[in-house]
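All of the numbers you see were taken from the coordinates with simple rules; none came from a lab. Fair warning: this is a prediction, and the values are worked out from it, not measured in the lab. Note: ideal-geometry Cβ built from the backbone for every residue, glycine included; neighbour counts use all protein chains shown.
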Amino acid sequence: MASSSDLENPNAISSLPYSYAPLSDGEQPAGDEPTTGLHPKKATIFFVCAFLSVTFLVALFAGNEHVLPKDLSTNAAPSMAVTPAITTPLSRGVDKGVSEKSFRPFLGAENSYPWSSNMLDWQRTSFHFQPENNWMNDPNGPVFYQGWYHLFYQYHPDAPVWGKIVWGHAVSKDLINWRHLPIAMETDQWYDEQGVWTGSATILPDGQLVVIYTGSTNESVQVQNLAYPADPSDPLLINWVKYPGNPVLVPPPGIDNKDFRDPTTAWKTPEGKWRITIGSKINKTGISLVYDTEDFKTFELLDGVLHAVPGTGMWECVDFYPISKQAENGLDTSVDGPGVKHVVKASMDDDRNDYYAIGSYDAYKGKWTPDNPTLDVGIGLRYDYGIYYASKTFYDQNKQRRVLWSWIKETDTEASDISKGWASLMGVPRTILLDKKTQSNIIQWPVEEINALRTNATVFNNLVMEAGSLVPLYLPTASQLDIVAEFELDEQTVMRLNGADVAYDCATKGGAATRGALGPFGFSVLAHEGLIEHTPVYFYVAKGVDGNLKTFFCADQSRSSTATDVDKSIYGNIVPVLNGEKLSMRILVDHSIVESFAQEGRTCITSRVYPTKAIYNNARLFLFNNATAATVTASVSVWQMKSAEI
Amino acid sequence: MKFIIILFLLLILQETLLPSMADTKFIENTCKATPSSHLCLKIMLANPKSQNADLTGLALIGVAAVKDKGVEIIQQIVALKKSTPELKQALDYCLDAYHAVVDADVPSSNEALRGGLAKFAEDGMADSVVESQACERRFSEHGERSPMTNSNNAMNDVANVVRAIVRMLL
């Protein structure tokens, strides 16, 4: 790098010359050469001292000089400004008026400052849970209690960024319309002074509610604490009491003070005790510790762990619950038996994704084994292939279903979050069931209550879309939508096509602009009229050499906004499609969040989208078939979604 | 007798020097695993606290360097707004960007490192990188030449170094 000191940067930090300082010669201490007249004993003493002095001086210089590697080519290369996402989409194709417009950065344009308050205001959602302002992260202690759904959450009241966290609180009758309540728990004890962190609720058979949560102590040690409602007959659970004997658990031997957090809901053991699990790690192996208790005040650590997977790092927000092999309802966390499998889920600190696996639980040993070790926790299936973390389920005894909540962070800049005054959402709550057809994954689906927001249905049946077609769906508004669609590829083309090695993946193959014979096809949501901004959600079908079809389900943010300071990744994964199944997808569009579900919830993708132009009355919806060969027949229902009380 | 005293003193000195040799090795090894080991070493060795620091301590020193750089850049922007008023819009954007770094990302990262939730510190440093690059891009998006390239690159580099250190804590 040039070493000149610029006018604009008087304190250039990158231009200091470094030199490799050689080890100095051990100097002789000030001392004369011994004369031949010296006493032999003194001579010996002198030489020993001289030797030690030399050693001392060598150590002095070698220890204090920073010895830089001689290979100065490791010096910082001129840094690269970030390469923006793909800016020149490939041509969409010949006919049907598919636009050739490409994304070009604005030059001296109409909007000089990209984020007007208009644009930022639009980003707030209409039917996703979010506090009125500032920062939220993990959902905590979700529970149905005395007629109300409760949601607590990690909340930083002072700024739209993570900080000293308290428990926010809100209640709902239907998981969709919410009433915000006062902060449930503050950082008012030494054992949670640095943060009232994540925890879970357990309802005891007599109806009592207890909460175990992680506190970060005044010395930043992670401990577990017990809390319970101040007034159990208050269905709104406004006030809370922290057990005076807290903490009830401290990091056990061998576990680091900062690797011990996020206790689960408790479940019954065969001995009639309560059992919880807490994620941790030993070196790079993610583990889940198991504790038994009779009173939630004293606990016994079981030998070993519930499960561990090497190389996965710290397991945050562990969740553990039963799912029914046959039935279409959820199960109370304590249920066990032959008709039941158990799910272990954990949030991987290393890659910020939520992973789960289905397996078998041995209640006597307190251990769980995955059905498929190659798809073990942390290395196999994810709940969601977009932005989705720190999720937690609860058993809703009101409707006998297991409901999943998750934290959805922002993917814009912190500067934007400060301007708009808030950051983070909760995903739409989802029910979880075992996929009875595949038996090897769960399916997730937005809770049915969300359907109550649907109005003004627009329906197209059997819309035939030739290869390379783009169909605008004219709607009064398109920022709040529920889209349900089925697609069929024309059999002839599929049969006739020669298979090839399938080298496709959502993230790296160019998104919806990359055309294959059998895809991509789907919807462009939050689309501007000229497609200068749009977010395709699509299927991409590929035929392998063996004749088998692989179906990918992707959400493409690469052209979602003309703003250059938002994330433009493409998310997605393969979705299993069984013989005889049509391809189906559901998309919930709610301003800056898009949630996409394929095959009734086998593969889910949550995206954050921040358009500057495709907002308010300028947001549109398109249907497209960007395949080169196949015709696609689509049947579509689109509803406008009313706003909820959030 | 003199000999024993001298020997004793030299041994004590030896004991205090050996640990600092080891600490420098730790700093070197840590910095080697970052995108700019030179920059990393410069930052660490300029701060005496690095001598006895563990990984979290080194990360905190890094965050302090990000803060110092951010404060310096904010001052630069304020001066540029006076000297080149025609660049106001891009400079306003950059001012917001660097305030986000100094007022939000840095405190959040410090709190996260002290509490052991390093992932939030990684987010803070990742955002600092994005803010610096977004600021730099603003000028070309206005059809202008950036007067802040060195600064934006410097923030980009130091935040990337700190992010790499933070990731070692995950």
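Calculate the translational D of the stretch A:254-296 in whole µm² s⁻¹ from Stokes-Einstein, where the hydrodynamic radius comes from the Kirkwood formula applied to all Cα pairs, the temperature is 25 °C and the viscosity 0.890 mPa s. Once the numbers are plugged in, D ends up at 218 µm²/s. Here the average projected area of the convex hull drawn through the C-alpha atoms of the stretch A:187-277 stands at 6.6 nm². Cα-based radius of gyration for the stretch B:2-167, normalised by 2.2 N^0.38 Å, reads 1.30. For the stretch B:2-167, relative contact order (Cα pairs under 8 Å, six or more residues apart, normalised by length) works out to 27 percent.
What you get for the stretch B:2-167, charging only the Cβ of Lys and Arg (+1) and of Asp and Glu (-1), is a dipole of about 460 debye around the Cα centre.
Just how large is the dipole of the stretch A:361-434 about the Cα centre, in debye to the nearest 20, putting +1 at every Lys and Arg Cβ and -1 at every Asp and Glu Cβ? Walk me through the intermediate numbers first.
On the way: 10 positive and 9 negative charges, 80 e Å.
The dipole of the stretch A:361-434 has a size of about 380 debye.
Across the stretch A:357-476, how large is the tail of the calculated P(r) beyond 20 Å, expressed as a percent of all Cα pairs?
Numbers: 4749 of 7140 pairs.
Cα-Cα pairs of the stretch A:357-476 separated by over 20 Å account for 67 percent.
For the pair A:Asn133 and A:Asn398, a Förster radius of 25 Å applied to the C-beta separation gives a FRET efficiency near 0.25, rounded to the nearest 0.05. Here the spin labels are modelled as points 7 Å beyond Cα on the Cα-Cβ line, and at A:Tyr474 and A:Asp188 they lie 6.0 nm apart.
A Förster distance of 35 Å, applied to the separation of the beta-carbon atoms of A:Asp362 and A:Asp206, puts the FRET efficiency at 0.80. Packing, as the average of other Cβ atoms within 10 Å across residues, places the peptides B:48-59, A:613-624, A:384-395 in the order A:384-395, A:613-624, B:48-59, highest first. With neighbours defined as other Cβ atoms within 10 Å of a residue's Cβ, the residues A:Cys506, B:Cys94, A:Cys604 order from fewest to most as A:Cys506, A:Cys604, B:Cys94. With a simple spin-label model that places each label point 7 Å from the Cα along the Cα-to-Cβ direction, the separation between B:Met168 and A:Asn283 comes to 1.8 nm. Calculated FRET efficiency, A:Lys341 to B:Phe8, Cβ-Cβ distance, R0 = 45 Å: about 0.05 to the nearest 0.05. In the stretch A:563-646 the Cα-Cα distances spread across 5 Å bins starting at 0 as 3, 10, 17, 22, 22, 15, 8, 3, 1, 0 percent of all pairs. Basic side chains Lys and Arg get +1 at the Cβ, acidic Asp and Glu get -1 at the Cβ, and with that the dipole of the protein assembly as shown about its Cα centre reaches some 980 debye.
Comparing Cα centroids, the stretch A:341-387 and the stretch A:268-314 end up 14 angstrom apart.
Could you grab the relative contact order for the stretch A:338-436? Cα pairs under 8 Å, six or more apart, rounded to a whole percent.
Details: 156 pairs, mean separation 19.0, N = 99.
About 19 percent, as a whole number.
Each Cα pair under 8 Å and six or more residues apart adds its sequence gap; the mean of these over the residue count of the stretch A:280-389 is a relative contact order of 21 percent. For the stretch A:582-646, the set of GluC sites (Glu not before Pro) satisfying both a DSSP loop assignment and a count of at most 12 other C-beta atoms within 10 Å is given as A:Glu645. Label zone (A:Glu271, point 7 Å along Cα-to-C-beta; backbone nitrogen cut-off 18 Å) within the stretch A:364-395: A:364-368. Remark: mean inter-chain Cβ contacts per residue of B:62-73 equal 1, using a 10 Å Cβ-Cβ cutoff to other protein chain atoms.
The chymotrypsin sites (Phe, Trp or Tyr not before Pro) found in the stretch A:409-490 that occupy coil by DSSP, while having at most 11 further C-beta atoms within 10 Å, are A:Tyr474.
Of the residues B:Ser83, B:Ala159, B:Ala126, the one whose Cα sits farthest toward the positive end of the charge dipole of the stretch B:2-167, with +1 on the Cβ of Lys and Arg and -1 on the Cβ of Asp and Glu, is B:Ala159. Extending 7 Å from Cα along the Cβ direction at A:Asp350 and again at B:Ala79 yields two label points whose distance is 4.5 nm. For the segment B:140-151, counting C-beta atoms of other chains within 10 Å of every residue's C-beta and taking the mean gives 5.
In a shell of Cβ-Cβ distance under 14 Å around B:Glu122, excluding B:Glu122 itself, what net charge do Lys and Arg (+1) and Asp and Glu (-1) give?
Working: positive: A:Arg352, A:Lys409, B:Lys119, B:Arg163, B:Arg167; negative: A:Glu316, A:Asp349, A:Asp350, A:Asp351, A:Glu414, B:Asp105, B:Glu111, B:Asp123, B:Asp127.
Residues near B:Glu122 contribute -4 overall.
Per-residue shielding of A:405-414, expressed as the average number of other chain Cβ atoms within 10 Å of the residue Cβ, stands at 3. At 0.36 nm per residue, and after removing the present C-alpha to C-alpha distance, how many nm does the segment from A:Ala457 to A:Asp174 gain when stretched out fully? In short, 99.7 nm is gained. Measuring nothing but alpha carbons in the protein assembly as shown and taking Rh as the Kirkwood radius, the Rg to Rh ratio lands at 1.04.
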